[in-house]
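Each remark here refers to the structure printed beneath this line.
The values are calculated or read from the model by the stated rules, or taken from the named source; none is laboratory data. Everything numeric here is computed off the predicted structure, so don't read it as measured data. Neighbour counts run over all protein chains shown; Cβ positions are idealised from the backbone, glycine included.
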């Protein structure tokens, strides 16, 4: 299978898997809300969100670092995966004790919180294994693991609620069993397929940890700043205006955010191909061609979605939220335009990461954050939720402009096919 066909195949497989995954999760949440009741369902969302937030500390960019590194050197899987696992074990212990401290402040949910934390920690060890699958361009295994976890956790949750009558404990235990089972199968798969044997704490080398952390932390920081670029305006909107303004903006943004998996899956498929074929610090001729085709594809998908959301914004608002959220329609229309720039930024970001432009990307993101903050402070107090929407739109346009200039300066000028990006 040639490069382009493999990219299309892997993208379709992951998209189909994610559609099934999100469909199952959506149905599960609706049914769970009825089975648990408002109080326990509130506890579930609180604990689930808190656990997800804490376990972010267990990544720090190591997953993308693994994909990038192993794409270039397939034989280094044992070494890097073993060291990343050691780092994650160390961080997991810290996360667990933080969770105990937080749980003791609200002792009635301590047990459930700790079980959920353990399940999220187990899942966090599956992520670097998925990075191995991505580096080897075999995303069908990642898709199977995602669906295995989702189907197992949902099935065991319903069985536990029905037979054991301890509703929230049953759900937390189900997630822990599902994540542990998925991790075991993931470990067996990489041993069987790639003959990767993880050796933990046989000989701890802190220099290896330091080198991995040094290379992965800028990636983790970029992902963190990226999160700020999507969430800070909501926080400031609540500060400068009122909860109703937050509700109107968030209602539209949640729908837009729900489409982010479309470009993220495509770029995760594309990333190892870019890493494998690029010269360090320069975008190779082959990857310049690949980037152009990917840009056309991303533009097609993003424009199609943007036009659909723009035209159907009144119907989407009424269907999901009702007539009370009429003010959301105009926000939908602004954010639908921002969607195009968000998708393109995702593609250019991963292309720049493939040629080791971490520091320069961080500078661009820092400037983008500065503009974003200035816009939030100036537009939101005057225009409220409309100002918050324009803040996101303008900052994404600015970020795309800066990233495109950076990429245009870093194609391989010695290539046989010298073509400007524009």
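Residue 39 passes all but one of (1) modelled with pLDDT under 90; (2) farther than 16 Å from residue 189 by Cα; (3) buried (at least 22 other Cβ atoms within 10 Å of the Cβ); (4) over 17 Å from the mean Cα position of the chain (by Cα); which number fails?
(3)
Would you confirm whether or not region 204-222 contains a residue that is under 30 Å from residue 386 (Cβ atoms), in contact (Cβ under 8 Å) with a residue 12 or more places away in the chain and assigned to a helix (DSSP H, G or I)?
Within region 204-222, one or more residues are under 30 Å from residue 386 (Cβ atoms), in contact (Cβ under 8 Å) with a residue 12 or more places away in the chain and assigned to a helix (DSSP H, G or I).
Residue check: is residue 307 outside the structural domain of residue 63 (by TED's automatic domain parsing) and either surrounded by 18 or more Cβ atoms within 10 Å (Cβ to Cβ) or in contact (Cβ under 8 Å) with a residue 40 or more places away in the chain (or both)?
Considered against the rule, which asks whether it is outside the structural domain of residue 63 (by TED's automatic domain parsing) and either surrounded by 18 or more Cβ atoms within 10 Å (Cβ to Cβ) or in contact (Cβ under 8 Å) with a residue 40 or more places away in the chain (or both), residue 307 comes out as no.
Give 246, 235 a once-over and let me know the one that is at pLDDT below 85, part of a helix (DSSP H, G or I), surrounded by 15 or more Cβ atoms within 10 Å (Cβ to Cβ) and not assigned by TED's automatic domain parsing to the domain that holds residue 62.
246
From the residues in region 138-177 that are at pLDDT below 85 and not in a helix (DSSP H, G or I), which one is surrounded by the most Cβ atoms within 10 Å (Cβ to Cβ)?
166
Against the definition (assigned by TED's automatic domain parsing to the domain that holds residue 28 and either buried (at least 20 other Cβ atoms within 10 Å of the Cβ) or modelled with pLDDT of 85 or more (or both)), how does residue 190 come out, yes or no?
Here the answer is yes, as residue 190 does meet what is asked.
Regarding region 334-351, can at least one residue be identified that is in contact (Cβ under 8 Å) with a residue 40 or more places away in the chain, touching a helix residue (DSSP H, G or I) at 6+ places or on another chain (Cβ under 7 Å) and either exposed (fewer than 15 other Cβ atoms within 10 Å of the Cβ) or farther than 17 Å from residue 260 by Cα (or both)?
The answer is yes; a qualifying residue exists.
What number of residues within region 49-64 are touching a helix residue (DSSP H, G or I) at 6+ places or on another chain (Cβ under 7 Å) and surrounded by fewer than 16 Cβ atoms within 10 Å (Cβ to Cβ)?
2
Give the residue, chosen from 283, 299, 274, 288, that is out of contact with any strand residue (DSSP E or B) (no Cβ under 9 Å at 6 or more places or on another chain) and either at pLDDT 85 or above or not assigned by TED's automatic domain parsing to the domain that holds residue 88 (or both).
Unique residue meeting the criteria: 299.
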